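Here the structure comes first, spelled out in structure tokens, and everything after it is commentary.
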Amino acid sequence: MAASWAVRKQLEAERGEATPEAAATVWLLKLSAGEELGLSRVLAEPRHDELRQQWRDYRDEMTSSARPPSKLESVGPSAIERQGDDRATVAEQVRAVWWDGPHLLAGWHDRRMDGADAQPGQPAAALGDLVMVDLTEAERHLLARGLMEWGGPAHSTEALAVAMGFEGVEDFYAQAGPLHASIRAEAPLSRRDWRRVLIATEVVFASDIFGSGCDWSTTTGLSDEETIFLLRAVQRKLARSANVHNP
């Protein structure tokens, strides 16, 4: 079962993305993952050092507790204060979530099956069913980095976000943080979410127009050769275990 509580503090990030909400999503996503690389781009210069230290303080508080949360997610609408000069301050109410024991989510049934397809006579997992996929640490890192790139050099359009399976750009950025945290926590995802994460990673790696493209190896530290090797392994596993080719 999942246990959660609402953090009583508000986290603030200043605009450095297409929208203030997107900047806050990047800020929170990096807080969940503990990755400071790329954080500076969503912090406004006049308060850069203050906001970066705030991020570090929250991260230290999060990891030093007796039971660090598995992920962080925003609760309710963002509070946005426009400041002019293409800057805004965003306040988010944040909830910490823990996954307990081998059954990470209520209602989840173990569909790992050593990476095999459903047994004869058993129905395939429905699109919303949660599926655990046996990925290596490197394979999970690839998918997590793929999501993070959309908060960095890559920028989606409304049409592209819809093509990847989201309602639009705003929905994409809102979903990216929780999906990233779940992948890092080795949690199961729905077939729909596995498909969306895979497509987002494929596009951000390969496209130099919408994604990271030629900058991929620089921003992620993964060479093209290593990425292709890992991506092919992930594609095969998700095709078998999560049936991502049949939405």
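Can you give me the long-range amide H partners of L189? Hydrogens built in the peptide plane at 1.01 Å from N, cutoff under 5 Å, separation of 5 or more residues or another chain.
Here V131, V133 satisfy the definition.
Can you work out the Karplus-derived ³J(HN,Hα) for every residue in segment 180-187? Use 6.51 cos²θ - 1.76 cosθ + 1.60 with θ = phi - 60°, whole Hz, and x for glycine or proline.
4, 5, 5, 5, 4, 7, 6, 8
Tell me, M62, M148 in order of fewest to most beta-carbon neighbours within 10 Å?
Details: M62 16, M148 24.
By the 10 Å Cβ count, ascending: M62, M148.
What shape does segment 123-208 take by its C-alpha gyration tensor, where a ≥ b ≥ c are the square roots of the eigenvalues and a/c under 1.5 counts as rounded, a/b above b/c as prolate, and the rest as oblate?
It comes out oblate by the Cα gyration axes.
Could you pull out every residue, at least 5 positions away or on a different chain, whose amide H is within less than 5 Å of the one on G151? Hs are placed 1.01 Å off N in the peptide plane, and Pro or chain starts have none.
Under 5 Å from the amide H of G151: no residue qualifies.
Rule-based calculations on the coordinates, nothing more; no lab input. Bear in mind the structure is a predicted one, so any value in this text is a computation, not a measurement. Heads up, the Cβs are rebuilt from the backbone with ideal geometry, glycines too, and the neighbour counts pull from every protein chain shown.
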